[in-house]
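Structure first, commentary second.
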Amino acid sequence: MNKILLFLVFGIFLSSVAMAQTDSLATEKVYTSVETVPSFPGGLNAFYNFLGKNVQYPVEAVMHHTQGKVIVSFVVEKNGRLSNVTVTKGIGSGCDEEAARVLKHSPKWKPGTQGGKPVRVAYSVPISFSLTN
């Protein structure tokens, strides 16, 4: 019987350059670097716990022994909600969809700030899927 291990790695900004881009779906800027970065409620350990409790290894991935890292990008909105959840690097067999599904159900984050005001911030998170005997 295979034992399933799910390794979770917290993400970092998409860029360290202080700049902003315009989101095609909104007129407000999406920052890639800010004075205060967005954070999951309760911190990094709480984020790991959230992912660990909610990510389920897809049956298809187990059957095909699919393993690897899924990179999911999203925007942390000014109200802390996650939007534009997109898989930017996938491994298939249902892992991509599972990683995106869980992030779409994330509780609100503490938003990033620039100039003391909440702003929209682009973020990226790698989630590793690994099977062991």
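Summary of computed values
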quantity: Unmet criterion (only one of (1) under 11 Å from the mean Cα position of the chain (by Cα); (2) at pLDDT 95 or above; (3) crowded, with 18+ Cβ neighbours inside 10 Å) for Glu98; calculated: (1)
quantity: Breaking point among (1) modelled with pLDDT of 50 or more; (2) surrounded by 14 or more Cβ atoms within 10 Å (Cβ to Cβ), for Pro41; calculated: (2)
quantity: Condition met for Asn84 (of a type in the set (S, T, N, Q), farther than 12 Å from Ser124 by Cα and out of contact with any Asp or Glu (no Cβ under 6 Å at 6 or more places or on another chain)); calculated: no
quantity: Lone qualifier among Val34, Val125 - being modelled with pLDDT of 95 or more, crowded, with 19+ Cβ neighbours inside 10 Å, within 18 Å of the chain's Cα centre (by Cα) and on the phi < 0 side of the Ramachandran plot; calculated: Val34
quantity: Tally, over the range 56-83, of residues that are within 26 Å of Gly43 (Cβ to Cβ) and crowded, with 17+ Cβ neighbours inside 10 Å; calculated: 11
quantity: Residue in the range 105-116 that is under 15 Å from the mean Cα position of the chain (by Cα), at pLDDT below 95 and of a type in the set (A, V, I, L, M, F, W, C) present; calculated: no
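The values are calculated or read from the model by the stated rules, or taken from the named source; none is laboratory data. Note that the structure is predicted; figures quoted are calculated from it, not measured. Because the Cβ atoms are built from the backbone with ideal geometry, glycine has one as well, and the counts that use them run over all protein chains shown.
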